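What follows is a set of notes on a single structure, which appears directly below.
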Amino acid sequence: MNYEIKKQILEKIKEYDRIMLFRHVRNDGDCVGATKGLKRILQLSFPEKEIYLIDSETAQYLAFMGPEDEPVAEELYKDALGIVLDTASEARISNKNYKLCKELIKIDHHIPLENYGDLIWVEESRSAACEMIADFYDTFKDELKIDSEAATYLYTGLVTDSGRFKYSGVNGDTLRCGAVLLDVGVDTDTLFARLYLEAFEY
């Protein structure tokens, strides 16, 4: 599905030495999981590249997913590729330095409120942005690398945005993407214990 736009995104990623990842304000499991999961995949696949995820906002119940990168000089954005995940409109992008990036890619599963970005990959039928990143990896698994850390980030967003696979948007593709991640290795016992404990405390 949407192979051509995915291929264009992969080729654009290969072009740049520095990549900045962005997500929406009032973050949730999907936008955190998608950005962290994609960052890890890109780090494993292209160790020579600089990959940054800079966001000062983190929901307390997702603290177990770890911190973000420290802020960097604005100059570093100017020759970078920006990738915005899980964000339908520019107004909701948390780190406003996305505007400084040389080029911008939008990856989202919401109804498009704005068609911002130089490359746009939107699939409204997907239950989560994490599902799209899992599909992106699976499409190009001969070129991309993944590990249990990346798989866990993506699986976290997949299960939280799909209501533990209960919402109406869940379909066979959702479960197939989940299976790809589980095959890599996800400690689901620990993950769900953290999610339920943090949700209860929150």
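The values are calculated or read from the model by the stated rules, or taken from the named source; none is laboratory data. Since we're looking at a predicted model, the values are computed, not measured. In this analysis, Cβ positions are derived from the backbone assuming ideal geometry, glycine residues included, and neighbour counts consider all displayed protein chains. Surface areas here come from the heavy atoms of the whole protein model, side chains and all, with no ligands, DNA or RNA. Shrake-Rupley method; radii C 1.70, N 1.55, O 1.52, S 1.80 Å.
Given the residues 116, 155, which is the only one that is among the aromatic types (Phe, Trp, Tyr) and outside any helix (DSSP H, G or I)?
Sole residue among the options that is among the aromatic types (Phe, Trp, Tyr) and outside any helix (DSSP H, G or I): 116.
Please state which of the following conditions residue 82 fails to meet, knowing it meets all the rest: (1) outside any helix (DSSP H, G or I); (2) in contact with a Cys (Cβ under 8 Å, 6 or more places away or on another chain); (3) modelled with pLDDT under 95.
Against the list (1) outside any helix (DSSP H, G or I); (2) in contact with a Cys (Cβ under 8 Å, 6 or more places away or on another chain); (3) modelled with pLDDT under 95, residue 82 comes up short only on (3).
For residues that are open to solvent by 60 Å² or more (accessible area, probe 1.4 Å) and in contact with a Lys or Arg (Cβ under 9 Å, 6 or more places away or on another chain), tally how many sit in segment 15-39.
Selection size over segment 15-39: 2.
Does residue 56 satisfy the criteria of being modelled with pLDDT under 95, on the phi < 0 side of the Ramachandran plot and open to solvent by less than 20 Å² (accessible area, probe 1.4 Å)?
Judged against the criteria, residue 56 is not a match.
Would segment 1-24 turn up any residue that is in contact with a Gly (Cβ under 9 Å, 6 or more places away or on another chain) and within 19 Å of residue 143 (Cα to Cα)?
yes
Kindly provide the set of residues from segment 64-110 that are within 19 Å of residue 32 (Cα to Cα) and free of Cβ contacts under 8 Å to residues at least 12 places away in the same chain, ordered by number.
67, 91, 96
With the checklist (1) farther than 30 Å from residue 74 by Cβ; (2) in contact with a His (Cβ under 7 Å, 6 or more places away or on another chain); (3) open to solvent by less than 30 Å² (accessible area, probe 1.4 Å) in hand, flag the one item residue 93 doesn't pass.
(1)
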